[in-house]
Amino acid sequence: MSYQEDEAAEQELETKPSDYSSTETDAAGGDIVTVTVGATVPTGFEHTAVEEVKEKIGVDARICKDRGRIYFPITTNQLYQVHLLRSVDNLFVVVDEYDHYQFKESKEETLEELQELASKLPWTNALEVWKLNRTLKKKKVHRRGGNGTKVKPNNETIDATVADVKQQELPEAVEGQMKTETTPDIEASTQDSEDAAPKDKVIKFRVTCNRAGDKHSFSSNEAARDFGGAVQEFFQWKADMTRFDIEVLLNIHNEEVVIGIALTEESLHKRNISHFGPTTLRPTLCYGMLRLCKPQASDIILDPMCGTGTIPLEGAIEFPSSFYIAGDNNDMAVNRTVNNTRHIQKRRAETGSASGLPIDTVQWDLCNLPIRTSSVDIIITDMPFGKRMGSKKNNWDLYPSCLREMARVCRPGSGKAVLLTQDKKCFGKAISRMGGLWRKQHTVWVNVGGLLAGVYLLKRTGAVFGQTPEDVYESRGTVKTQVHEKNDEELS
């Protein structure tokens, strides 16, 4: 396709009404583009992400039929705020979406239809947002001196690559709109740090297909290959799987089809951690657990099995009015937490922010905590699943003992605990033995590394510790409290 044909097609698509992107004119006479942004979130915490979007951006988000995704509208001047969300893993701008896409019966007809779809999509506004997003990322990298790397998506992902076009071959409609939307400070940054897509610079891209459903006649690889080839022909782009500038997403879930352009190169869940352990939790999941217990100012929040410290660190950053005590019985885990804390403090100091964090780290025995009785407001921790850490056999002794010690240090009547575990049978039995000390209020089912795990919200009863039958529970054997790391050195 020639440049003139491409430009005409883009201008025609730009004027086509769309539910997913629109253009408004502000008082100053400049165009503000409205688009739909999609975000992947920890499965089970979709409602938490919806609440955060409403609080921080002021718009209503909707949950996708496929768990683990939300969608919400933004204007281009809100793009920076989107990157500050704590509950999302990856972001993309929606080009178009179909709730009930009617796939053809034969594979050949379906793939041919996907090829035809590529030239009919309203790419203009999505590409405009992608360009603006690149200028924001360049400013961020310039400040921090960082450089992101691509991580592999969680779903079934197969890449068909497409790429390589000169800047003058981008649609002029996109160029003109970007000049209108770009603010002076962004223009200055762009000139100083080199344009996001300078003239004569080769732009590379790939197509990634995430497909779910058993009624499709085609594979993810075939869909990405044929759709990507059509996009390549439409834009006259060439291929690069690893060093791409644009990633086009083709998400297919049963009859739902969403086409988007990625806005994040590296998942936002890696934002706080520099020293990883064998079972490090994603900060996005930690944020969901923290919101579940609703920390208040001056609350004392305890993580008795902190591992690498992801939970207390996420809390100290997002809910700094509370104080966090992190501990573990393993010295390697404690050292990782300390190192991660120092990493964040150094990063904050470099950006001119206050470097202090309301967190302290201690090495201790989980079942004999050096903490006063009834002095903790919230306990939040990732318990050993009995797979990579510990064993399910040990959990039968460990869970009742640690729940009893948690009940001792937690405030009666008002204290809460948010506990993550995949060992549902053992945890359920332990809670039934703690009926006089803990009451289960809510359970959120989440996906942790492919395992179905439960996040349990417990309420501390008003029973005085030392006056219930649970207080004299004796383990059937010696409780081994190497919670997060009996085999840590081997795994490391």
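The values are calculated or read from the model by the stated rules, or taken from the named source; none is laboratory data. It should be emphasised that the depicted structure is a prediction, and the values quoted were computed from it without experimental measurement. Quick reminder, even Gly has a Cβ in these numbers, built from the backbone with ideal geometry, and neighbours come from all protein chains shown. Only protein heavy atoms, including side chains, enter the accessible area calculation; ligands, DNA and RNA are left aside. Shrake-Rupley method; radii C 1.70, N 1.55, O 1.52, S 1.80 Å.
Just give me the residues in segment 334-357 being in contact with a Ser or Thr (Cβ under 7 Å, 6 or more places away or on another chain) and open to solvent by less than 10 Å² (accessible area, probe 1.4 Å), in sequence order.
Scanning segment 334-357 gives Thr337, Asn340.
On the given criteria, is Ile325 in contact with an Asp or Glu (Cβ under 7 Å, 6 or more places away or on another chain), open to solvent by 20 Å² or more (accessible area, probe 1.4 Å) and aliphatic (A, V, I, L, M)? Don't jump to the end; show me each part of the working.
On the way: in contact with an Asp or Glu (Cβ under 7 Å, 6 or more places away or on another chain): yes; open to solvent by 20 Å² or more (accessible area, probe 1.4 Å): yes; aliphatic (A, V, I, L, M): yes.
Criteria met by Ile325.
Considering only strands (runs of 3 or more DSSP E) fully contained in segment 195-287, which possess at least 2 residues that are open to solvent by 10 Å² or more (accessible area, probe 1.4 Å), touching a Gly at 6+ places or on another chain (Cβ under 7 Å) and modelled with pLDDT of 85 or more?
Working: elements: 203-212, 246-253, 256-262.
Counting at least 2 such residues, we get 246-253.
For Glu113, indicate whether it is open to solvent by 10 Å² or more (accessible area, probe 1.4 Å), free of Cβ contacts under 8 Å to residues at least 12 places away in the same chain and among the acidic types (Asp, Glu).
yes
Do the conditions hold for Asp360, that is, is it open to solvent by less than 40 Å² (accessible area, probe 1.4 Å) and in contact (Cβ under 8 Å) with a residue 12 or more places away in the chain? Give the derivation first.
Numbers: open to solvent by less than 40 Å² (accessible area, probe 1.4 Å): no; in contact (Cβ under 8 Å) with a residue 12 or more places away in the chain: yes.
Against the criterion (open to solvent by less than 40 Å² (accessible area, probe 1.4 Å) and in contact (Cβ under 8 Å) with a residue 12 or more places away in the chain), Asp360 does not qualify.
If you scan segment 401-423, which residues turn out to be within 20 Å of Ser87 (Cβ to Cβ), in contact with a helix residue (DSSP H, G or I) (Cβ under 7 Å, 6 or more places away or on another chain) and open to solvent by less than 10 Å² (accessible area, probe 1.4 Å)? Give the derivation first.
At the first step, the residues of segment 401-423 found to be within 20 Å of Ser87 (Cβ to Cβ) are 416, 418-420.
Cutting the leftovers down to in contact with a helix residue (DSSP H, G or I) (Cβ under 7 Å, 6 or more places away or on another chain) gives us 416, 418, 420.
Those that are within 20 Å of Ser87 (Cβ to Cβ), in contact with a helix residue (DSSP H, G or I) (Cβ under 7 Å, 6 or more places away or on another chain) and open to solvent by less than 10 Å² (accessible area, probe 1.4 Å): Val418, Leu420.
So which residues in segment 39-83 are surrounded by fewer than 20 Cβ atoms within 10 Å (Cβ to Cβ) and among the charged types (D, E, K, R)?
Matches in segment 39-83: Glu51, Lys54, Glu55, Lys56, Asp60, Arg62, Lys65, Asp66, Arg67.
Among (1) more than 21 Å from Leu136 (Cβ to Cβ); (2) modelled with pLDDT of 70 or more; (3) not hydrophobic (A, V, I, L, M, F, W, C), there is one condition Tyr71 misses while meeting the rest; what is its number?
(1)
Within segment 424-441, identify whether any single residue is within 18 Å of Arg291 (Cα to Cα) and either open to solvent by 40 Å² or more (accessible area, probe 1.4 Å) or at pLDDT 95 or above (or both), and answer yes or no. Step through it out loud before you land on a result.
Here is the first cut: in segment 424-441, the ones within 18 Å of Arg291 (Cα to Cα) are 440-441.
Keeping just the survivors that are either open to solvent by 40 Å² or more (accessible area, probe 1.4 Å) or at pLDDT 95 or above (or both) gives 440-441.
The answer is yes; a qualifying residue exists.
Mind checking whether some residue in segment 226-238 is under 19 Å from Asp66 (Cβ atoms) and in contact (Cβ under 8 Å) with a residue 12 or more places away in the chain?
Yes: segment 226-238 contains one or more residues that are under 19 Å from Asp66 (Cβ atoms) and in contact (Cβ under 8 Å) with a residue 12 or more places away in the chain.
Which ones in segment 30-81 are outside any helix (DSSP H, G or I), farther than 15 Å from His253 by Cβ and among the small types (Gly, Ala, Ser)?
Gly30, Ala39, Gly44, Gly58, Ala61, listed by residue number.
I'm trying to understand the selection: among the residues of segment 321-338, which are under 22 Å from Pro42 (Cβ atoms) and in a loop (DSSP other than H, G, I, E, B)? Talk me through it step by step, then tell me what you get.
If we filter segment 321-338 for residues that are under 22 Å from Pro42 (Cβ atoms), which is where we start, we get 322, 324, 326, 336-337.
Within segment 321-338, Ser322 is the sole residue that qualifies.
So Gly449 fits all but one of (1) modelled with pLDDT of 90 or more; (2) on the phi > 0 side of the Ramachandran plot; what number is the exception?
Going through (1) modelled with pLDDT of 90 or more; (2) on the phi > 0 side of the Ramachandran plot one by one, Gly449 breaks only (1).
Take the conditions in contact (Cβ under 8 Å) with a residue 60 or more places away in the chain and either over 30 Å from the mean Cα position of the chain (by Cα) or over 22 Å from Tyr324 (Cα atoms) (or both) and apply them to Leu457. Does it pass? Working first, answer last.
Details: in contact (Cβ under 8 Å) with a residue 60 or more places away in the chain: yes; either over 30 Å from the mean Cα position of the chain (by Cα) or over 22 Å from Tyr324 (Cα atoms) (or both): no.
Here the answer is no, as Leu457 does not meet what is asked.
Condition check: among the small types (Gly, Ala, Ser) and at pLDDT 95 or above. Does Ala297 satisfy that? Outline the logic, then answer.
Working: among the small types (Gly, Ala, Ser): yes; at pLDDT 95 or above: yes.
Yes; evaluated as a whole, the condition is true for this residue.
Inspect all residues belonging to segment 397-409 and state whether any of them is polar (S, T, N, Q) and either touching a residue at least 40 places away in the same chain (Cβ under 8 Å) or over 29 Å from Gly449 (Cα atoms) (or both). Break it down stepwise before answering.
From segment 397-409, those polar (S, T, N, Q) are 401; that's our starting set.
After this cut, where a residue has to be either touching a residue at least 40 places away in the same chain (Cβ under 8 Å) or over 29 Å from Gly449 (Cα atoms) (or both) as well, the list is 401.
The answer is yes, given that some residue of segment 397-409 is polar (S, T, N, Q) and either touching a residue at least 40 places away in the same chain (Cβ under 8 Å) or over 29 Å from Gly449 (Cα atoms) (or both).
Going through segment 61-84 one residue at a time, which ones are within 19 Å of Arg134 (Cβ to Cβ) and aliphatic (A, V, I, L, M)?
The first filter runs over segment 61-84 and keeps only residues within 19 Å of Arg134 (Cβ to Cβ), leaving 74-84.
Result: Ile74, Leu79, Val82, Leu84.
Can you tell me which residues in segment 288-319 are open to solvent by 10 Å² or more (accessible area, probe 1.4 Å), closer than 23 Å to Gln441 by Cβ and not in a loop (DSSP other than H, G, I, E, B)?
Residues satisfying the conditions are Arg291, Leu292, Ile300, Glu318.
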